[in-house]
1. Report the residue count in the stretch 11-53 for those that are surrounded by 12 or more Cβ atoms within 10 Å (Cβ to Cβ), of a type in the set (Gly, Ala, Ser), at pLDDT 85 or above and within 27 Å of VAL94 (Cα to Cα).
2. Quick check, is THR112 of a type in the set (S, T, N, Q), surrounded by 11 or more Cβ atoms within 10 Å (Cβ to Cβ) and out of contact with any Ser or Thr (no Cβ under 9 Å at 6 or more places or on another chain)?
3. Among the residues of the stretch 1-42, how many are within 17 Å of the chain's Cα centre (by Cα) and within 28 Å of TYR118 (Cα to Cα)?
4. Cβ-Cβ distance below 8 Å, separation of 6 or more or different chains: which pairs start in the stretch 59-87 with a residue that is surrounded by fewer than 12 Cβ atoms within 10 Å (Cβ to Cβ) and in a strand (DSSP E or B) and end on one that is among the acidic types (Asp, Glu) and modelled with pLDDT of 90 or more?
5. Would you confirm whether any residue within the stretch 102-119 is of a type outside the set (A, V, I, L, M), outside any helix (DSSP H, G or I) and touching a Pro at 6+ places or on another chain (Cβ under 9 Å)?
6. GLU99 passes all but one of (1) among the charged types (D, E, K, R); (2) surrounded by 14 or more Cβ atoms within 10 Å (Cβ to Cβ); (3) assigned to a helix (DSSP H, G or I); which number fails?
Amino acid sequence: MIHRTPRVRAWGEDVVLLAMPVLVLAITSPSPWLWLLAATGLVVLAFNAITLHFRGEIALDEESILFRAYGREHAYSLRACRLRVRRFLVRDRVLLRVEEIESGKTHRYWLTAHLSDYDALLRELGTRAI
């Protein structure tokens, strides 16, 4: 099953992060804090694009799990990895850890309530998690 974040929300966050430096340039004498805020926004956007930490789409089937965003994807075989779901007091998000069995590498992905059929996804991951 494929779970997606609404495009308006996914693109909206990125547009805000990209618009911050443009707005700082438009101000006649911006403070150093505004420059820092604009640079931080660009760093966050780059980090999201590199790590797919907040993904736009998750495809889960019997054999694999796939995370997709920014035209890139990370795919894992469910037989070659372990899933761990960490819930928080804030109920609209969980942290999914994908641990590769052979290499020992751990990959982390935030799942938010903005994903389509979020509750069904959490139930399915809960049955597969250790």
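1. Number satisfying all stated conditions: 1.
2. No, not satisfied.
3. Qualifying residue count, the stretch 1-42: 17.
4. Listed by first residue and then by second, the contacts come to SER77/GLU63.
5. Looking through the stretch 102-119, at least one residue is of a type outside the set (A, V, I, L, M), outside any helix (DSSP H, G or I) and touching a Pro at 6+ places or on another chain (Cβ under 9 Å).
6. (3)
The values are calculated or read from the model by the stated rules, or taken from the named source; none is laboratory data. Computed from a predicted model, the values in this text were never measured in an experiment. Here the Cβ is made from the backbone with ideal geometry for all residues, glycine too, and neighbour counts use every protein chain on show.
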